[in-house]
1. Could you give P(r) for region B:56-153, binned at 10 Å from zero, as whole percent values over all Cα-Cα pairs?
2. Can you pull the mean other chain C-beta count within 10 Å for peptide B:214-221?
3. Give the percent of DSSP beta bridges with both residues in region B:56-153 that are antiparallel, rounded to the nearest 5.
4. By DSSP, what percent of the beta bridges with both residues in the protein assembly as shown are antiparallel, rounded to the nearest 5?
5. Sequence gap at least 6, Cα distance under 8 Å: using those rules, report the relative contact order of chain A to the nearest whole percent.
6. May I ask you to give the average projected area over all directions of the convex hull of the Cα atoms of region A:235-293, in nm² rounded to one decimal?
7. Calculate I(q)/I(0) for region B:168-388 by the Debye formula, one identical point scatterer on each C-alpha and no solvent, and give its log10 at q = 0.13, 0.16, 0.18 Å⁻¹ to two decimals.
8. Note down the nm distance, to one decimal, between modelled labels 7 Å out along Cα→Cβ at residue A:292 and at residue A:188.
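Every read-out reported here was derived from the displayed coordinates using simple, explicitly stated rules and does not represent laboratory data. This is a predicted model, so every value here is computed, not measured. Here the Cβ positions follow ideal geometry from the backbone for every residue, glycine too, while neighbour counts run over all protein chains shown.
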């Protein structure tokens, strides 16, 4: 009851909120107590290996399926379909009517979200031209390449100028050039104030795009917050190479340090780099190279979700 | 509600355009030509066979006077019987060698002479083969008897006072009108509603179902698809009727005026026929859409189509119990059971006056269309849209 009251107080400040979402399929728990808080205007990533529960979570949030239990609130509404006209959704498994012309397919997706068909066609022509697909506007989808068809579907997702866009594995199947274009499109929409949630199993995309991420593993949220906060869970790594092999400076090296070739590798002490540098210089280490590496999202993912989840991510093809 | 209707309209418009503007729709429109073509071919064969088995031709070797009396007797009998059912008579003047003439005539193929009648009316003698056709032989005896005594054969004058219809004949012919209405409804529905079984296969196979399900209620998807197919079917019917096959046939035989007016009158009956066709289509179509939505492949749809067709025939059989006795227990049950209700009620409209039963029936049928669609869309959401393993009731583990 208390959680519900808290939820109602904070919901107005969030584009999407989920509390303790659970989804069971024939005795299999696909989503296990997922809670998310997505601020408006942010780019939010759902990160996790395939089968982690990302797609099911998105399908619950978009309203395709209902949760077995838990609360969801999308753009202030508990029934996501009530906000359908303000949401754009790109499913993981892409699909368009093969016989439809590209512009009609985009306009149809707009019409599903309440846009008049004539207005949809007009905008579709403009969007296709903007994405160098103007010559394909009146060609059937079946004649388009896979990348072109995916672009058409993505344009159909944003045709009605939604306030919230949910993209399920949007980079899957795209070549490097189209991935870059999609990243730019996501950033542009976010700059316009649109909230974007996308799922991915490729850490690099989340790291480049997201301000906030939820790391999901085996149906549970292992982390939900800012990317920097995820990284901050790990200390920076120091890589040090010295001319002197021994001396008083050795006392500045932490106990857990390891040797990798000629280098000392250890976590940056809590006091920061300055005391370390001073101790090394004063101790006559003769610093040859010293690098402080900030941990990446991958390192944070390993630390948060565990080696097994990271191994599952690693087995998948990185785009 | 407006958003629901708008969503259904978006789906219906897409499906209607995709169906009617496709090349396959031309074949759909040409569909009725095939049975007509087959009818023509088999009709021609039938006519040829019939001409070979029609009434025998008898060569009459006699004086012109005797033949005219026989011919007059035949014309008189033709007023009571179908003239095509009477033996045909052809006159041949007698030749000196009767035996040779008989032999030559019996060998003639055009016309195919079965027997030769000689000896005039005073001493008639038949030579030929009438084995197994005692009726033809009986006819000849009657004709000879009437030709000999034409004054006795004159029909007694029977004054007739014509009334529009007697109760016995009216009930019978109105039942016929009801039966024809039922048959039309049944055949049009069985021909047109089967398409709905495979209506969701395209969306499921090309994955666009996720996009649609995320944007509009599944109920709206079902309603849109159902009405799109109804509209496409109506286009087909309008084209077929306009093409004239049915119209010409009806006009040729005097049109609907040859049938007695139904109990609710022709305008009302035709209006009800249109409404009940739509309701029959919507009811069976909603059921087919629900069943077909569970199928993942065309093969599954094809497997389902045979039991579904048999179910339709059963429903038609149940509805036909109304004919002749709409107020019987079976008749009322057929009118109440939603899937047979439209066909039962069109038969009732032919036989019983009164509009209230139809108003109630239409509301009842509309309620069931909504219920089946709602239940079907819930089932679709539960069994098809979920991302986990599919639940099949026949594979469900016992609790």
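1. Reading the bins upward from 0: 16, 52, 29, 3.
2. Numbers: counts 18, 16, 6, 4, 2, 0, 2, 1.
Mean shielding count: 6.
3. If we restrict to bridges inside region B:56-153, about 30 percent are antiparallel.
4. Bridges in the protein assembly as shown are about 60 percent antiparallel.
5. Numbers: 602 pairs, mean separation 63.6, N = 319.
In percent, rounded to a whole number, it is 20.
6. 3.5
7. -0.77, -1.07, -1.26
8. 3.9
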